[in-house]
1. If I ask for residues that are surrounded by 13 or more Cβ atoms within 10 Å (Cβ to Cβ) and either among the charged types (D, E, K, R) or assigned by TED's automatic domain parsing to the domain that holds Met281 (or both), which ones from segment 228-258 would you list?
2. Can you pull out every residue in segment 56-108 that is in a loop (DSSP other than H, G, I, E, B) and touching a Leu at 6+ places or on another chain (Cβ under 9 Å)?
3. Looking only at segment 165-187, how many residues end up being within 17 Å of Tyr136 (Cα to Cα) and assigned to a helix (DSSP H, G or I)?
4. Can you say whether Gly151 is outside any helix (DSSP H, G or I) and surrounded by 14 or more Cβ atoms within 10 Å (Cβ to Cβ), as far as the supplied structure shows?
5. Taking the stated definitions as given, is Ile250 more than 19 Å from the chain's Cα centre (by Cα) and of a type in the set (A, V, I, L, M)?
6. Given the condition part of a helix (DSSP H, G or I), over 28 Å from Pro137 (Cβ atoms) and not assigned by TED's automatic domain parsing to the domain that holds Ser58, answer yes or no: does some residue in segment 203-226 qualify?
7. Within segment 158-191, track down each residue that is in contact (Cβ under 8 Å) with a residue 60 or more places away in the chain and acidic (Asp, Glu).
Amino acid sequence: MNQTLNNGVEKLSDQNNMMCDLETGVCGAADEDSIQSIDLNQINKKFTMYYVTDPICSHCWALEPVLNRFIRQYGHYFNIQVVMGGLLPHWNGFADQANGIQKPSDVAEHWKEVGVHSRMPIDGTLWHSNPILSSYPPSRVFKVIQSKHAGKENEFLRRAREAVFVFNQNIGEEKVLVRIVDQLGLNGKTVVEESGLDAAQDLLDQDLQLAASLGVRGFPTIILVNEDNKGVKIGGAKSLKTYVDALQQISKQKLKPNNLPSLSKLLEEEQLLFSKELEIMYDIEQASLENYINSELEERSFTLHQILDETYVTTNN
């Protein structure tokens, strides 16, 4: 018996360089020369990007094209934490002196200017006819989705912004919020009801406290920090180069951007994209937009629309 055991040990010791192949399921001798260099930075993200924003922040809407490209090309370097900043608690005593805003109707002209300058379409006439009384309701809905339906919160924020800026819907109203949440495949009535509870306000208060601790004084603000919790803060909507340079500043290695997704893949994920977003994403001129779309997408897979003198594309899938 001892001889049998010894033989077994000898056979195992002769084959101690074994491995099981995950793809084939076959176990056998490993390649003795298979020592490979690896880079775990793609797996273990060392950096954090705090994006402090608000659902009705017009300059945040203007930043969407640049921010989307930055995240798609460099998001493998950082984890993203979206923080609600509480732009408009209520109109009682609210005033934005820098932009000449003291009452709801003042916002309309400011939004119009931002829309024209950024070419991210903004209607804004609701500030005359049906003004938003507070940005807290959509902010609390965001927090409820973030806490209970993780992965859907950023889609909600995007759809809420489309609703208020482009399609002139009051996202402070429950019926509008319910409809937006329903479109995400969630129970809008339940989520909006939960957003009215003290627990939802507590979640929002935590974000407001975090924004204050980060020294945020306006929106959008992006803060990039490294593993030593040191970093850079960028206030306002800036160029793509600004954010790339900021990320490079806190990185100890040369940044390598990811390839951009094809237009078909991007549209499948986003569902709706505006002309400025495509121009920024793919470095194309406005005059070349329709030719580019027609060359990249299958016929009858998309529809082109016009709103507020801007083109946007939606998927037909």
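1. Across segment 228-258, the qualifying residues are Lys233, Lys238, Asp245.
2. Those that are in a loop (DSSP other than H, G, I, E, B) and touching a Leu at 6+ places or on another chain (Cβ under 9 Å): Ile56, Cys57, Gly85, Gly86, Leu88, His90, Trp91, Phe94.
3. Number of matching residues: 8.
4. When the stated conditions are applied, Gly151 does not pass them.
5. yes
6. For segment 203-226, residues part of a helix (DSSP H, G or I), over 28 Å from Pro137 (Cβ atoms) and not assigned by TED's automatic domain parsing to the domain that holds Ser58: absent.
7. Glu162
Here's the yes/no breakdown for (1) out of contact with any Gly (no Cβ under 8 Å at 6 or more places or on another chain); (2) among the small types (Gly, Ala, Ser); (3) under 24 Å from Leu273 (Cα atoms):
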{"residue": "Pro137", "(1), (2), (3)": "no, no, no"}
{"residue": "Phe142", "(1), (2), (3)": "yes, no, yes"}
{"residue": "Lys148", "(1), (2), (3)": "yes, no, no"}
{"residue": "Phe156", "(1), (2), (3)": "yes, no, yes"}
{"residue": "Val166", "(1), (2), (3)": "yes, no, yes"}
{"residue": "Thr190", "(1), (2), (3)": "yes, no, no"}
{"residue": "Gly196", "(1), (2), (3)": "yes, yes, no"}
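The values are calculated or read from the model by the stated rules, or taken from the named source; none is laboratory data. All values derive from a computational prediction rather than experimental measurement. With ideal geometry, Cβ positions are generated from the backbone for all residues, glycine too; neighbour counts draw on all protein chains shown.
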